[in-house]
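The values are calculated or read from the model by the stated rules, or taken from the named source; none is laboratory data. Since we're looking at a predicted model, the values are computed, not measured. Every residue, glycine as well, gets a Cβ built from its backbone with ideal geometry; the counts of neighbours run over all protein chains shown. Just so you know, the surface numbers come from the protein's heavy atoms only, side chains and all, with ligands and any DNA or RNA stripped out. Shrake-Rupley method; radii C 1.70, N 1.55, O 1.52, S 1.80 Å.
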Amino acid sequence: MSGAPVTSAAFEQFAAFARRWAPGMTDAELEPARRFRVAEAAKGEYLARIGDSDSRSSFILRGLVRQVFVGPDGRERVNTFASDDALVCTYRALLTVEISDLAIQALEPTRYLAMPPGAIPELIERHAGWRELTARLTEHKFVAAELRNRTLLLDDAAERYRTFLDDFAAIAPRVPLSQVAAYIGVTPEALSRIRRRLLVTA
């Protein structure tokens, strides 16, 4: 796998993240993470592509990525965004060993820990701490997905934009407006009108 050997700083950043989610994870259980590789993605490069046959996982050390689907019409639908201290992967491909229909793309220069294909399932099989980590992250993702579905089904576009600003307050200024539009399900022109209306009523 390409990339540089993991640095002490990168390992400690991942270890702190893992222990926040799985306090019982031991030093011995974390040791396999030292075999991950530090990789860099330029703006626009992909960490994972639609059609990949392996279950790649990445831990974002620094940067910003989007997870995106592409419809039959070629239109992109952004599923979510992630920045520093986030574990990203094509979850369905990871859990079902299917071809991925989700891409992960850098929106700005991004430094990350690249995990070998199949590494997470193997670690889950061998270590209780990794099972706890992935279970907690999966629970969090399930709740987030349910809330996102509710917003998409019940809220109008302006409310979906407000929700985006709340949910991604720390990174919203860094996300291009074209990507925000793709996330809330409107055209960039419609988002501009929403933003103007909100400024008038603020």
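Within the range 161-197, how many residues are among the basic types (Lys, Arg) and in contact with a Leu (Cβ under 7 Å, 6 or more places away or on another chain)?
Total satisfying the criteria: 1.
Could you please give the count of residues in the range 92-123 that are at pLDDT below 95, among the hydroxyl-bearing types (Ser, Thr, Tyr) and more than 15 Å from THR134 (Cβ to Cβ)?
Of the residues in the range 92-123, 1 are at pLDDT below 95, among the hydroxyl-bearing types (Ser, Thr, Tyr) and more than 15 Å from THR134 (Cβ to Cβ).
For the range 45-75, which positions are under 25 Å from VAL186 (Cα atoms) and open to solvent by 70 Å² or more (accessible area, probe 1.4 Å)?
GLU45, TYR46, ARG49, ILE50, PHE69, VAL70, PRO72, ASP73, ARG75 - these are the residues of the range 45-75 that are under 25 Å from VAL186 (Cα atoms) and open to solvent by 70 Å² or more (accessible area, probe 1.4 Å).
Determine whether ALA190 is over 23 Å from GLU108 (Cβ atoms) and hydrophobic (A, V, I, L, M, F, W, C).
yes
Going residue by residue through the range 117-136, is there one that turns out to be free of Cβ contacts under 8 Å to residues at least 12 places away in the same chain, farther than 23 Å from ARG20 by Cα, open to solvent by less than 60 Å² (accessible area, probe 1.4 Å) and part of a helix (DSSP H, G or I)?
No, every residue in the range 117-136 fails to be free of Cβ contacts under 8 Å to residues at least 12 places away in the same chain, farther than 23 Å from ARG20 by Cα, open to solvent by less than 60 Å² (accessible area, probe 1.4 Å) and part of a helix (DSSP H, G or I).
I'm trying to understand the selection: among the residues of the range 154-195, which are among the aliphatic types (A, V, I, L, M) and not in a helix (DSSP H, G or I)?
ALA169, ALA170, ILE171, VAL175, VAL186
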